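Let me begin by presenting the structure, written as structure tokens, before commenting on it.
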Amino acid sequence: MILNFAIEGFTSFNERQEISFTAFNKQRIKNTKYEENYVLESPFRECKSILFFGNNAVGKTNVILALSTLRYILNTGKFPDPRWFNWYNTQMGFELVVSKGRDYYEYKIKINRDGYIVSEALLKNEENIFTFDSNILQSELLDNKIEEIYSIRSTSPVLLKLKDFIHKEYDEFMEAVKKISVVITNSYDLDDKGLRYEFSEITKQKIETNKALALELLQQIDSSIVDISFKLYDLEEKTYEIYLHRYSRRENNNIKQNIADESSGVKKIVSLLAKLLSIYDGETLVIDELDSSISTRSLMLIYNNMINNGRNRSGQLIVSTHNLELLNLDLFAPEQIYILSKNDCLSTEINSLADFDLRSSNKRLAVKFLQREFEV
């Protein structure tokens with residue numbers, strides 16, 4: 001699970017901005033209405049859900065892009081194009097803290113516009129696995145010769161170069177990173193960019209293995225759905241069409257309908273179904289604008305019945321949203337809600353709702369938001 005994430009010098013982010021995905025220091029959760037919103041069995045008390053609010057073009061999508069970019073760096077060893085740098089900054093930096101059981105890993109990296117690493121580090125439970133700064137590598141786990149060999153300018157992550165020497169720590173950290181899935185706006189839209197309505201063998205197996213839970217998720221969107229079935233579409237590619245079944249009182253029978261004929265909201269949930277199910281396997285799902293095409297009632301049902309729920313033991317759903325009905329302290333703790341806005345330099349700033357005085361007036365939070373009371 002994600003414990004912390006920080007960004008600087010990336011797109012609309014100039015100065016370092018930090019997001020905590022855990023309960024705040026001294027925040028009381030036990031025996032409150034937010035008890036099921038957190039993983040209290042964990043020493044880190046991770047949030048099961050986080051929401052990013054903000055007006056258009058303030059940087060909500062950029063937060064999610066930043067997390068996706070760091071995953072890309074770690075998976076490929078390649079750095080982003082210079083056009084992703086903030087216009088005021090010559091360096092781009094990311095920091096990610098993830099839990100692995102009762103341990104946690106902290107990874108930091110900074111790169112410059114020329115594509116060289118400025119600094120990089122990996123820590124486990126506050127103990128240095130390695131640090132790389134000013135082209136000098138230091139690690140108590142490595143021989144001096146290895147430190148000397150890699151104490152040079154680098155255009156790719158030092159972590160990847162050292163994976164054979166720190167394989168246990170590398171494997172544990174990357175296992176935690178691979179449990180993070182990022183979905184950017186419209187990549188789940190089955191009508192967008194010519195995406196097809198067929199699903200892979202892996203997706204089919206995931207849904208069939210967790211069919212009861214999959215149906216429960218779909219019923220939060222459309223309560224008339226009673227079953228799911230698949231039909232082989234391409235034998236060579238092993239892809240399948242998915243059909244939703246609804247009970248018709250008039251026909252006294254189930255009616256089968258291809259996903260291509262469904263509403264946008266149903267299509268979205270179906271396309272995300274396997275990833276949403278993975279939350280119950282302890283994975284973190286990060287989605288840009290989950291709320292588009294999905295009703296407020298359905299969103300609230302998903303959060304109350306599926307995410308902020310005792311059945312969800314160790315998964316996270318992190319989303320950007322415009323739905324002000326979710327700006328609701330009956331559903332989420334202030335520490336689970338982040339407000340994004342732009343300062344006078346047009347750089348994005350992130351503040352937790354807990355940073356504001358919420359008792360100063362009786363106005364609804366949505367009204368305060370619309371009146372720009374949460375902007376910097």
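None of the figures in this text is laboratory data; all of them are computed from the coordinates on show. Values in this document were obtained by computation on a predicted structure and should not be read as measured data. Backbone-built Cβ (ideal geometry, glycine too); neighbour counts: all protein chains shown.
Worth a mention:
- Of K108/K363; K60/K100; K33/K368, pairs whose Cα-Cα distance is over 30 Å: K108/K363
- In order along the stretch 330-336, phi translates into HN-Hα couplings of 7, 9, 10, 6, x, 6, 8 Hz, rounded to whole numbers, per the Karplus curve 6.51 cos²θ - 1.76 cosθ + 1.60 with θ = phi - 60° and x for Gly and Pro.
- Computed helical MRE - 222 nm, the chain, DSSP H runs ≥ 4 contributing -39500 (n - 2.57), nearest 500: -6500 deg cm²/dmol
- Under Karplus coefficients 6.51, -1.76 and 1.60, residue-wise ³J(HN,Hα) of the stretch 10-24 in Hz, glycine/proline x: 10, 6, 7, 9, 9, 6, 4, 10, 10, 10, 9, 10, 10, 4, 6
- Given +1 at the Cβ of Lys and Arg, -1 at the Cβ of Asp and Glu and no other charges, the dipole of the chain around its Cα centre is 840 debye to the nearest 20.
- Cross-link reach list, aspartates and glutamates versus K179, counting only Cα pairs under 18 Å and skipping chain neighbours closer than eight places: E46, E95, D103, E106, E169, D171, D281, E283, D288
- By the equivalent-ellipsoid construction on the alpha carbon gyration tensor, the stretch 1-89 comes out with semi-axes of 30, 15, 11 Å, ordered largest to smallest.
- In the chain, a dipole from Cβ-located charges (positive for Lys and Arg, negative for Asp and Glu) runs towards its positive end, and of F5, G77, T296 it is T296 whose Cα lies farthest in that direction.
- Ratio Rg/Rh, restricted to the stretch 285-332 and using Cα atoms, in which Rh is the Kirkwood radius: 0.93
- Partner aspartates and glutamates whose Cα lies under 19 Å from the Cα of K238, excluding those fewer than 8 positions away in the same chain, are identified as E198, E201, E208.
- For the stretch 61-166, the square roots a ≥ b ≥ c of the C-alpha gyration tensor eigenvalues yield an a/c of 1.5 or more together with a/b not exceeding b/c, which makes the shape oblate.
- Amide H to amide H, with H built 1.01 Å from N, N14 comes under 5 Å of G9, T348, counting only residues 5 or more places away or on other chains.
- In percent, rounded to a whole number, the relative contact order of the stretch 187-281 is 30, using alpha-carbon pairs under 8 Å and six or more apart.
- Listed by chain and number, the lysines whose alpha-carbon sits under 18 Å from that of K231, ignoring those within fewer than 8 places in the same chain, are K204, K206, K211, K256, K267.
- Table column - 3J(HN,Hα) (Hz), the stretch 314-322, Karplus curve with 6.51, -1.76, 1.60, x for Gly and Pro: 7, x, 10, 10, 10, 9, 9, 8, 10
- Rounded to the nearest 5, the antiparallel percentage of DSSP beta bridges internal to the chain is 80%.
- Binned Cα-Cα distances of the chain, short to long, each 20 Å bin given as a whole percent: 26, 54, 19, 1
- Cα point-scatterer Debye curve for the stretch 187-281, base-10 log of I(q)/I(0) at q = 0.18, 0.24 Å⁻¹: -0.82, -1.40
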